[in-house]
Each structure stands twice: as C-alpha cells, then as structure tokens.
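This report refers to the structure that appears directly beneath it.
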Amino acid sequence: MTLPVPRRAAPSVPRVRSVLPGVRLTLGFTLAYLLFLVIIPLSTLFVRTARLGWSGFLEAATSPRAMAAYTLSVGASVTAALVNGVFGLLVAWVLTRYRFPGKSIADALVDLPFALPTAVAGVALTTLYAQNGLIGGLLAPHGIKVAFTPLGITVALTFIGLPFVVRSVQPVLETLPREIEEVAATLGADRWQTFRRVILPALTPALVAGVSLSFARAIGEYGSVVFISGNMPGLTEIAPLLIMGKLEQYDYGGATAIAVVMLLLSAVILISAGLLQRRAAKRAA
Amino acid sequence: MSTTIAPAAPRHGIAPGPRVKRHASSATGESAVARWLLIGAALAYLFLFLGLPLFVVFQEALKKGVVRI
C-alpha cells in the first residue's frame, strides 16, 4: 500500500501554507459566529435608523434630552472606569502582594458585582445612599446628595465595574517576575521608582484593558442605575433609560437613533483604549 | 583564633539567619507602614463599595425576621 502523496500546487502559483492546520475552518467559524451574534443584530440598528432619514435622525439623536443623556452616560461611565482603574489596581496589588487576615474573603468579595443581580445592587445602593440611609445619612448634613443625582449614578457604575479591573490586573501581577524588581533594586531604584518605571509599564496593557471593560459595562448598564438615578429627564436620565422609555412609547426610530449614537461613541472610546493598550504593550515589551 | 572562625559559619548558607532573610525581602517589598496603609485603603474601599451594599441586601431582606408570619 502506498501512502497518498500530497498534491503540490502548480509551480506557477506559489502558495504559502500556514504551519497550523485548520485556519480556514476556524476563521470561517469565528466569522460566522460574530456575524450571527454581533454584526447582524447591530446592523439592524442602522437599518432601522436609516428609515428615519437624515433630518429625522438628527432631530431624534440631537434633542436636548438626548444630548443630556449622552453627556451623563459617557461622563459617569468614564469617571467610574477611572476610579476603578485607581482602586482596582490598589486592590489587585494588595491581594497579590500581601498577606493579611481576611484576604480570601476580600478576594471573593471582588466578584460580588458579577454575581449579584444588578437590580438588587441598585436597590441596595439606593438604600445605602438615600438621605435616610447608612452612608447617605452621614453625607446629607454636609450638603452632599448621592442618591438621585449624577454622583449616585457614578457610584452604581463604579460598583458594577470594579471586578473587571481587579481580575484583569491580578493575573499579570501574579506572573510578573520578581527578578526585574530585584534588578531595579540593585541598580539603586527605590520602591516608588521601581513601581513607577518597572512594574506600572508592565501592568499598563492589562490595566487599560480592565478600565475599558469596566467602561463598556458601565455605558450599557441599566438595572442598577434605574433605581439610584431617579430618572429625571435632562438631569439624571442615562441613555439606556432614554432608549427604554422611547421603546415603551413605541418610538422605535427615536430609540434606535439614540442607540446608534451611543454605539458610535462607545466604539470611538473603546478603539482609542485599544490603541492605547497596544502602544503600552509595545513599550512594555 | 576562635573569634575569626565563628562568623564564617553562617556564610556557607546552611542556616541563614533572620537578618539575611529580612534583608532579601526588603528589596522587593514595602515598609511595614506603607504596606498597612495600602492594605487599609484597599480594604476600606472594598468595605465601602462591596461590603456595605451586601450587608444592606441582607438587612433589608431580614428586616421582618427570618420567617414571615
């Protein structure tokens, strides 16, 4: 029995074959998967909006109420993501580097926003930050109102975004070789210099990834914000809520117009975060 | 002289003294004050943002007792 000899391509058409088998199959599957789950559903948004026409789209997408909602949504989401960037890094650092009593409980607690239904989180945060709540009661005498203000929305978005940063940074911090810090120490760097110039550049790609995930989660968040925001149009109404309101009034065109703007805004922010991440990764390498 | 031989013994590394160990860890670790400040800040943040909301969930759920009559 002779083994089948693999046929070779004609010498006139040189083909570079990948070393890995199954490139076409896996690529085809990935594209089909993305097509059905992401691209087709999102493209219907644009199709639906196109029915409005330019003037209809501009009218629905740039109404004062919608503009206020974009500003609030993007502003609160960016703020929450940045707060999580700072404190998520701190929590990840403490959880990987130090030993202290209650460490495993703290580690488990980080995943709470993943596990807790967002509506429950919203009710809990509203109870906590309302004027007669545990924290709201302490802040009210100083004139700081949290519940039913943009500050409350930021608090809720910070709550739901924290695990993204911690869980992105933690594994990188765990696998960071201690030797590079020892080298920095032998070269005369103090701890802060080592952190600033050796550890932080290595962590930046993961940190940016975590912050952008936290932002992406925050910008689409509905469940936890709906309770704490109070939903006053033009003041504390986030874009997802405005979309929901339009859908309830059967204003599908208006809802999709706002959705398209939100989609484009998020895409711009996430793409810039991705570029930042790539640049940081190149610099760290 | 016996005094010159005695300090040479730990240099072979059979039994590293506590002084050697502490020195090695301090190059890639923070001072105790900085460490506890960082741990304190992280735990305070976790308590404020995750612990308290969790506590409130249970407090609200059990406000009327474990078994509702």
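Taking each pair of distinct Cα atoms in the stretch A:147-225 once, what is the resulting Kirkwood hydrodynamic radius in Å?
With all distinct Cα pairs of the stretch A:147-225 included, I get 14.4 Å.
Select from A:A259, A:A267, A:A68 the residue whose mean-square fluctuation is largest in a Gaussian network model of chain A (Cα-Cα springs shorter than 10 Å).
A:A267
Tell me, what is the percent relative contact order of the stretch A:133-253, built from C-alpha pairs under 8 Å that lie six or more residues apart?
Once divided by the residue count of the stretch A:133-253, the mean separation gives 37 percent.
What order do you get for B:W36, A:W93, A:W54 when you list them from fewest to most C-beta neighbours inside 10 Å?
A:W54, B:W36, A:W93
Measure up A:K145/A:K282; A:K145/B:K63; A:K103/B:K63 against 32 Å on the Cα-Cα distance and list the ones that go over.
Pairs exceeding the cut-off: A:K145/A:K282.
Let me know the mean shielding of A:93-100 by other chains, meaning the per-residue number of their Cβ atoms within 10 Å of its Cβ. Each step should come with its number before you reach the end.
On the way: counts 4, 9, 3, 0, 6, 7, 2, 6.
Average per residue, whole number: 5.
Along the charge dipole of chain A, pointing to its positive end and built from +1/-1 on Cβ of Lys, Arg, Asp and Glu, which listed residue (A:V211, A:V78, A:G56) has its Cα farthest out?
Toward the positive end, the furthest listed residue is A:V211.
Quantify how strongly other chains surround peptide B:50-62 by giving the mean number of their Cβ atoms within 10 Å of each of its Cβ atoms.
What the average comes to for B:50-62 is 6.
Pop a pseudo-label 7 angstrom from the Cα along the beta-carbon direction at both A:I180 and A:L82 and give the gap in nm to one decimal.
2.7
Divide by every residue of chain A the summed helix terms, -39500 (n - 2.57) for each DSSP H run of at least 4, and state the resulting mean residue ellipticity at 222 nm, rounded to the nearest 500 deg cm²/dmol.
-22500 deg cm²/dmol
Would you work out which of A:V166, A:T44, A:L263 lies farthest towards the positive end of the dipole of the protein assembly as shown? Charges go on Cβ: Lys and Arg +1, Asp and Glu -1.
Towards the positive end, the residue furthest out is A:V166.
In debye, nearest 20, what is the charge dipole magnitude of chain A about its Cα centre with +1 on Lys and Arg Cβ and -1 on Asp and Glu Cβ, if you could check? Before the final figure, lay out each step's value.
Values: 23 positive and 12 negative charges, 245 e Å.
Using only the charged Cβ atoms, the result is roughly 1180 debye.
Quick one, what does Rg over Rh come out to for the stretch A:109-243 if you take C-alpha atoms and the Kirkwood Rh? Could you put the intermediate results ahead of the total?
Numbers: Rg = 19.3 Å, Rh = 17.0 Å.
Looking at the stretch A:109-243, the ratio lands at 1.14.
Which whole-number percentage describes the relative contact order of chain A, with Cα contacts under 8 Å and a sequence gap of 6 or more?
28
Percent of alpha carbon pairs in the stretch A:184-267 separated by more than 22 Å?
Beyond 22 Å sits 49 percent of the P(r) for the stretch A:184-267.
Once the mean 1/r over all distinct Cα pairs of the stretch A:32-83 is inverted, what Kirkwood radius in angstroms do you read off?
Here the Kirkwood hydrodynamic radius works out to 13.3 Å.
Beyond 25 Å, what percent of the Cα pairs of the protein assembly as shown remain?
Counting pairs separated by more than 25 Å, the tail of P(r) holds 67 percent.
Taken together, the values in this text are just the output of simple stated rules run on the coordinates, not laboratory data. Since the model is a prediction, treat every value here as computed from it, not as a measurement. Counting neighbours? That spans all protein chains shown, and the Cβs are built from the backbone with ideal geometry, glycine included.
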